[in-house]
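The values are calculated or read from the model by the stated rules, or taken from the named source; none is laboratory data. Small disclaimer: the values here were computed from a predicted structure and weren't measured. Here the Cβ positions follow ideal geometry from the backbone for every residue, glycine too, while neighbour counts run over all protein chains shown.
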Number of protein chains: 2
Amino acid sequence: MNVSIIAIGDELLLGQVVDTNSGDIARIISAANWQVRQVTTIHDNAASIRKAVNEALAESEIVITTGGLGPTKDDITKPVLTEIFGGELRQDDSVLENVKKICANRQIELNELTASQAIVPTSCRVIQNTVGTAPIMWFEKDGKVLVAMPGVPFEMNEMMHNAVFPMLLKRFGGGVDIEHRVLLIYKVTESEIAERLARFEEELPPFLHLAYLPMQGYVTLRLDGIHTDSAYLKEVMDAKLKEVEEEFAANVVWNEDRPLAEIALILLRRNGLTLSTAESCSGGNIAHALTLIPNCSDCYLGGSVAYSNKIKINVLGVNPETIECYGAVSLPVAEQMVDGVIRRVTHTECGIATTGIAGPGGATPTKPVGTVCIAIRTPHRTLVDCFHFPGNRARIIERTTNIALIKLIRELRQLEREKRF
Amino acid sequence: MNVSIIAIGDELLLGQVVDTNSGDIARIISAANWQVRQVTTIHDNAASIRKAVNEALAESEIVITTGGLGPTKDDITKPVLTEIFGGELRQDDSVLENVKKICANRQIELNELTASQAIVPTSCRVIQNTVGTAPIMWFEKDGKVLVAMPGVPFEMNEMMHNAVFPMLLKRFGGGVDIEHRVLLIYKVTESEIAERLARFEEELPPFLHLAYLPMQGYVTLRLDGIHTDSAYLKEVMDAKLKEVEEEFAANVVWNEDRPLAEIALILLRRNGLTLSTAESCSGGNIAHALTLIPNCSDCYLGGSVAYSNKIKINVLGVNPETIECYGAVSLPVAEQMVDGVIRRVTHTECGIATTGIAGPGGATPTKPVGTVCIAIRTPHRTLVDCFHFPGNRARIIERTTNIALIKLIRELRQLEREKRF
């Protein structure tokens with residue numbers, strides 16, 4: 001099944017908003033064993049919408065549009081869809097009821113503009129938007145389906161998961177099986193992985209495909225397979241994945257496509273451990289990554305954003321003489337930070353501390369921008385490491401976050417293997 | 001000048017990686033007064049690349065491709081570009097030298113696969129990649145330019161800003177002026193803004209366009225203009241923006257398109273104030289937003305991620321009886337948190353504290369998911385507020401972060417107006 005996505009909105013083509021919708025839809029579509037053929041991002045004008053929709057309908061069985069449905073004047077998607085699918089624009093009372101309900105729930109007054117959301121083409125089947133005022137519109141023509149979704153990401157996601165996707169599954173069932181396997185690998189580059197897997201790739205059956213996705217500090221290796229025989233496909237893929245796992249045994253972080261923070265929390269939870277953080281250069285981003293994961297609070301207690309030396313000294317108990325002697329970005333300071341957050345603040349079993357120079361300022365002759373010290377504490381030992389990360393501020397913060405979590409994950413897995421818990 | 005962007009990569013169409021490159025390029029292109037006509041995201045296969053490139057060349061003067069240039073087997077962009085622009089694939093010694101240098105700097109061994117990056121079409125002009133091994137390729141044909149860029153975001157950004165964009169500016173100069181004006185507005189919905197600006201919009205000259213971008217907790221209002229007379233355009237736009245600012249005087253957060261954290265830091269800096277944070281439900285995300293801004297350390301000292309009650313009590317000095325009596329998610333606890341982080345931890349003049357229920361668990365009959373208490377402290381007073389935010393965990397965390405920063409920004413501007421600093 002081929003799917004085309006059309007993202008509508010001037011703001012996307014001005015770069016003022018990053019289009020996360022298309023990726024979210026693509027993930028759902030891939031899970032259904034269908035293929036996203038193309039994403040087309042276009043301006044909010046009739047000519048662009050008309051052209052993109054007609055091209056997409058010619059090449060795909062399913063077309064999903066996002067955006068261009070808001071109550072404001074720059075929205076002109078509905079008239080174009082009426083022109084393509086026929087019928088006329090008319091008020092739909094069930095939509096008006098829904099818009100009224102949404103406004104009442106949010107305690108906002110229903111104005112004329114919002115009420116105009118209820119005007120929809122008579123050629124579409126309306127799917128009521130339970131989390132916003134823009135109705136979802138389902139069109140059919142020559143056996144093909146176009147679904148017009150709102151552009152606000154949470155509305156799109158909510159309605160895609162709970163209404164549109166189940167309806168698409170019901171409408172178009174069956175077909176081939178598409179499977180994915182993932183390995184997160186660190187400490188080897190994309191090229192080195194490719195070289196070591198050159199023969200493996202040559203010998204891959206034609207229905208399998210290996211891809212490399214370089215992330216900040218690690219590589220996501222993805223094996224994709226497509227076959228009509230689902231059981232056979234799974235068997236071959238599991239065997240192939242095992243080969244790769246054996247080749248990179250020393251470098252594998254995890255064998256699922258999950259956020260690193262979630263993996264760390266899984267390992268902490270199954271070993272009954274708690275964690276806290278003391279962040280200088282990563283500035284709260286490790287805490288943020290952990291607290292994005294639901295139910296993190298049973299393992300992650302919190303910690304300190306020790307951006308200034310004053311906090312390092314007063315809260316974490318770092319020795320001012322150590323800072324004087326080695327500098328704030330140093331292995332002894334990282335070690336005292338992780339010790340301090342655990343001993344003085346949180347009393348957790350595990351801890352992470354970071355101190356580094358994220359730039360653009362702050363570099364010294366011996367410590368260039370990108371110098372980062374990370375300390376990892378588990379009940380059995382403390383690991384401290386110094387790194388030199390490339391890139392700009394945001395990239396150094398992201399890489400510090402990822403490497404700190406990877407170090408903790410690797411250490412917890414190592415201790416599990418040694419049956420130390 | 002029309003620009004088309006083609007993002008190449010299976011991972012984008014599987015939703016495993018969000019395409020940030022296209023938005024980054026669009027922002028740069030918009031700054032040059034050129035227009036991104038379309039972004040097309042396609043699979044890493046010859047037929048898709050051939051079709052997208054030919055279509056883009058037919059419709060735009062400038063075509064920028066990203067991705068499909070890595071050293072691994074799934075990259076087939078170069079042969080297709082050779083087919084379209086002529087010449088043949090041959091090793092370029094200057095690229096090989098550059099690849100060797102990059103590998104040496106990163107202390108990685110040069111393998112055969114990485115060395116193959118030096119094989120480029122003879123029809124292109126090579127731009128050496130200073131931050132990665134994939135060369136940038138500049139093609140010309142019938143007065144049109146195609147630039148093939150690597151897909152790794154930091155490489156693409158670095159090379160776009162420092163090499164490709166200046167070269168494009170030199171190659172295609174002049175043309176019309178495109179200007180943007182921005183207002184960040186909160187506490188009014190997109191529809192309400194649209195209704196109050198209906199007449200204003202009707203009266204806008206045809207070369208101006210107003211757009212609404214709903215964010216988490218606020219709306220970005222953008223006025224776009226395009227005109228051959230740059231001075232006239234600027235004059236009209238400034239006058240029009242002033243009208244909108246007057247209409248929403250009570251709701252304007254700022255009149256530039258900057259991150260909220262950066263705006264807060266600007267206000268703190270110009271009033272000689274320092275800030276710290278005590279985050280429960282926002283889990284470090286406010287600290288992360290602040291520390292993403294370069295040179296934040298002169299105003300932002302750090303703080304506490306007080307996810308557990310233990311940390312609220314031990315580190316911030318929140319009274320256990322207050323938690324017992326009102327619950328951890330309550331106005332008195334938020335107030336004690338901001339007081340504690342300033343008095344006991346950081347000794348800053350300003351502070352932000354958050355405590356709330358980000359879900360999906362943790363709700364009580366009186367405190368549903370989305371209940372968030374925020375305390376803002378300035379040298380003159382403490383503001384505490386309770387909110388009920390809609391949406392899922394990530395959305396509640398983002399909205400908490402934005403609203404906390406907006407409250408601080410508004411309070412600092414208010415105190416500035418009252419000349420209290």
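For every residue, the table says whether it meets (1) over 22 Å from the mean Cα position of the chain (by Cα); (2) farther than 30 Å from B:Ser297 by Cα; (3) surrounded by fewer than 23 Cβ atoms within 10 Å (Cβ to Cβ); (4) modelled with pLDDT under 95.
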| position | (1), (2), (3), (4) |
| --- | --- |
| A:Glu256 | no, yes, yes, yes |
| A:Thr274 | yes, no, yes, no |
| A:Ala287 | no, no, no, no |
| A:Tyr300 | no, no, no, no |
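Among the residues that make up region A:73-84, is at least one of them surrounded by fewer than 19 Cβ atoms within 10 Å (Cβ to Cβ), under 21 Å from B:Ala26 (Cβ atoms) and polar (S, T, N, Q)? No, every residue in region A:73-84 fails to be surrounded by fewer than 19 Cβ atoms within 10 Å (Cβ to Cβ), under 21 Å from B:Ala26 (Cβ atoms) and polar (S, T, N, Q). Restrict the check to region A:76-90 and report whether at least one residue is closer than 30 Å to B:Ile226 by Cβ, part of a loop (DSSP other than H, G, I, E, B) and more than 10 Å from chain B (Cβ to nearest Cβ). Among the residues of region A:76-90, at least one is closer than 30 Å to B:Ile226 by Cβ, part of a loop (DSSP other than H, G, I, E, B) and more than 10 Å from chain B (Cβ to nearest Cβ), which makes the answer yes.
Select from region A:342-369 the residues that are among the basic types (Lys, Arg) and either under 28 Å from the mean Cα position of the chain (by Cα) or within 11 Å of chain B (Cβ to nearest Cβ) (or both) and list them in ascending order.
If the condition is that a residue be among the basic types (Lys, Arg) and either under 28 Å from the mean Cα position of the chain (by Cα) or within 11 Å of chain B (Cβ to nearest Cβ) (or both), then A:Arg344 is the only one that fits.
Here is a check on your reading of the model: is B:Thr346 free of Cβ contacts under 8 Å to residues at least 60 places away in the same chain, among the hydroxyl-bearing types (Ser, Thr, Tyr) and more than 23 Å from A:Leu292 (Cβ to Cβ)? In short, no.
Taking the criterion of being within 10 Å of another protein chain (Cβ to nearest Cβ) and on the phi < 0 side of the Ramachandran plot, the residues of region B:252-286 that qualify are B:Asp257, B:Thr274, B:Ser276, B:Thr277, B:Ala278, B:Glu279, B:Ser280, B:Cys281, B:Ser282, B:Asn285, B:Ile286. Mind listing whichever residues of region B:374-388 are away from chain A (no Cβ under 11 Å) and either in contact with a Ser or Thr (Cβ under 8 Å, 6 or more places away or on another chain) or in contact (Cβ under 8 Å) with a residue 60 or more places away in the chain (or both)? Correct list: B:Ile374, B:Ala375, B:Ile376, B:Thr378, B:Pro379, B:Cys386, B:Phe387. A single member of A:Gly317, A:Gly340 is surrounded by 15 or more Cβ atoms within 10 Å (Cβ to Cβ) and either assigned to a loop (DSSP other than H, G, I, E, B) or at pLDDT below 95 (or both), and it is A:Gly317. Taking region B:158-196, which residues are within 12 Å of chain A (Cβ to nearest Cβ), part of a loop (DSSP other than H, G, I, E, B) and either within 21 Å of A:His43 (Cβ to Cβ) or free of Cβ contacts under 8 Å to residues at least 40 places away in the same chain (or both)? Within region B:158-196, just B:Thr189 meets the criteria.
If only one of B:Gly217, B:Gly225 is part of a loop (DSSP other than H, G, I, E, B) and crowded, with 19+ Cβ neighbours inside 10 Å, which one is it?
Values: B:Gly225 fails: part of a loop (DSSP other than H, G, I, E, B).
Every option except B:Gly217 fails the conditions.
Report yes if some residue within region A:194-206 is over 30 Å from A:Arg393 (Cβ atoms), in contact with a Phe, Trp or Tyr (Cβ under 9 Å, 6 or more places away or on another chain), at pLDDT 85 or above and surrounded by fewer than 20 Cβ atoms within 10 Å (Cβ to Cβ); otherwise report no. The answer is yes, given that some residue of region A:194-206 is over 30 Å from A:Arg393 (Cβ atoms), in contact with a Phe, Trp or Tyr (Cβ under 9 Å, 6 or more places away or on another chain), at pLDDT 85 or above and surrounded by fewer than 20 Cβ atoms within 10 Å (Cβ to Cβ). Tell me the residue from A:Arg27, A:Arg90 that is at pLDDT 90 or above and of a type in the set (Lys, Arg), please. Exactly one residue qualifies, and that residue is A:Arg90.
Applying the condition of being at pLDDT below 85 and aliphatic (A, V, I, L, M) to region B:103-115 and asking which residue is farthest from B:Gly70 (Cα to Cα) yields B:Ala104. Tell me whether region B:20-39 contains one or more residues that are buried (at least 22 other Cβ atoms within 10 Å of the Cβ) and under 16 Å from A:Ala211 (Cα atoms). Within region B:20-39, not a single residue is buried (at least 22 other Cβ atoms within 10 Å of the Cβ) and under 16 Å from A:Ala211 (Cα atoms). Return yes when A:Gly67 is closer than 27 Å to A:Glu55 by Cβ and surrounded by fewer than 17 Cβ atoms within 10 Å (Cβ to Cβ) and no when it is not. Considered against the rule, which asks whether it is closer than 27 Å to A:Glu55 by Cβ and surrounded by fewer than 17 Cβ atoms within 10 Å (Cβ to Cβ), A:Gly67 comes out as no.
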